[in-house]
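Nothing in this text is a laboratory measurement; each read-out follows from the coordinates by a stated rule. All figures in this text were calculated on a predicted structure; none of them were measured in a lab. FYI the Cβ positions are ideal-geometry reconstructions off the backbone, even for glycines, and counts take in every protein chain you see.
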């Protein structure tokens, strides 16, 4: 509940950035009978429960309550290495990769009709039977039945068998199954660097593949990945506040170094389990998906009902992506589809999709991201100027057979479209501004609309709204949107509530890099920006080259140089907006950001101190040679082949900084970094701090002990905003307005 005098930083942290209480992970049964989702009980409750809605009546039912299933030890965890309530360390690592800030039931799996679901809670495995629509217990409510299955403990990533009776899960370095026959190991080993059934770091962090085991449709076999991290460099995460605690070892594949060795095995569940040394036995067939080391990355796996498994693979340079079809009787693979690009081939959510025997992909064609069916672009004329962002699903039955996608005509908005498979018209399922997403199944479509006013999830055709308990923010963003400059940069400007029109210091608040946009017509993008604005700033948010939504050429403009294009676009957007708005005082300009945004903030004051007068750089990537292979090499190439790209994009070389002088003095810079960050490790900030010190450049460093890249702790998240505000006010000579 919101306190009468509660500040925005406290509310923002307490509500996990206003994610608590929202329906999430929504799925629709393939027969349209059920809609299943997760939701916590209030706007500041991070513990998610499992819910179901009857799409015919709109009635919601609680399926599984974590508090009832584990009342003594269920808890939200904020630590980087161990979990309250027994959450396994491997599960916490998975949550860090997907930026999961909640607790309780955070993921689930189910049958296509969602009549049975499975999930883990505190490392224990549960199976839930979901009632049919209309079923009640003497008219009083749900008849959902939830049972705990025997397990070895430490379970994560559960996957339900096709017949709904057994659950496969990962425990430690092994894959196990539990069900009517009890709990047993399927495959595993004792080699310290080998694990089975889970995704390696770069697959989870960069490729969107968070799993490593897949059931065959007949339930008699599984495809299971084998990850050996022995070739990967061993790094250490220490706890400076506890010198007695041993450092935590991680295997981090930095740019230019070795990746984990990823194998794939077909395991026959009817045979005896393989040997415990981690080698495959007589019940397995090894799959040579790498095709003699041609491909280095296993990006995704699909095993459709009635079809053969499909493997999505990439070369190390990411300029070739192939879809391989696997013969499950022999383990042989045959290439079904190939895409190439002189820069890189994107991994697009939902692509590829197999439906009615066709392979649907999203590819760069004719200057746009297009929907492609078996190599042929669908409706190129009708979708001219539209960028397809992801595939939602397909409905190949009936008179309206088509593929549902998310797409943008304007990068500030994302619509949901249905692209027909015949000569019909492209249909707008949901459009009109803001960010729209959907899930489909059995004639039911669930659409989530997030705009500048709210976020709502609606079940169609009934029009029923999933209840949301998200708190109303104590700030109300009031952005104005602009298209500026020769490159038509998208920008948003936020001013203090009731401002009198006098000149204001400027704060740039970007992300600025690949994968993420800030300038979108959705409230959540501007809550923190508006809070800073109400403290006396004119806040400018701009998306430059490399950010999503404007097509392949725009994305690839940062190839070989992650510094110059993104910084130029921030400067150009700032000057273009200020040219038409004299309320922006260009004599007092600051910039703040986190992760890539932190990199951009530090870059700004070091290379353009003539424009920027102060910066807060949170978790900045200071040396791209210390960031991971899959992300970094996509944009900068291999450091042994293109070392100049790393030099021009790094922060630590004093030769790339602007020269010092009386007219352009050193600018205040605050570096902030979580010491438990295993994504952008603290070595980035420490290396930059050392370079600054050796060059005699004043700066400040704020280390966050026990904090990861997510900064999940409530107190840390709250006070971090306040610390930034005070630093910026003092750096620009402003009076405190906390």
For the chain, the longest principal axis of the Cα atoms and the Cα long axis of helix 596-607 enclose an angle in degrees, to the nearest 10, of 20 degrees
Report the Cα centroid-to-centroid distance between segment 700-738 and segment 373-419 in angstrom, as an integer. 42 Å
Antiparallel %, DSSP beta bridges [both residues in segment 480-731], to 5: 30 percent
Show that you can apply the helix-only estimate: for the chain, add -39,500 (n - 2.57) for every DSSP H stretch of four or more residues, divide by all residues, and state [θ] at 222 nm to the nearest 500. -4000 deg cm²/dmol
Using the alpha-carbon centroid of each, what span in Å lies between segment 598-675 and segment 190-239? 32 Å
Would you mind ranking 47, 419 by Cβ crowding within 10 Å, fewest neighbours first? 47, 419
A correct fewest-to-most ranking of 100, 91 by other Cβ atoms within 10 Å would be 100, 91
Going by the alpha-carbon gyration tensor, a ≥ b ≥ c the square roots of its eigenvalues, is segment 324-395 rounded (a/c under 1.5) or, if a/c is not under 1.5, prolate (a/b greater than b/c) versus oblate? prolate
Separation between Cα centres of segment 496-520 and segment 31-70, rounded to whole Å: 37 Å
Relative to the chain, whose Cα atoms define the longest principal axis, helix 564-579 and its Cα axis are tilted in degrees, nearest 10, by 60 degrees
Using alpha carbons only, how many degrees (0 to 90, rounded to 10) separate the axis of helix 714-731 from the longest principal axis of the chain? 20 degrees
Counting each pair of different Cα atoms once, what's the Kirkwood radius of segment 480-731 in Å, rounded to one decimal? 18.3 Å
Rank-order 431-444, 179-192 by packing density, defined as the average count of other C-beta atoms within 10 Å over each peptide's residues, highest first. 431-444, 179-192
For 464, 119, which order do you get if you count the other beta carbons within 10 Å of each Cβ and list the fewest first? 464, 119
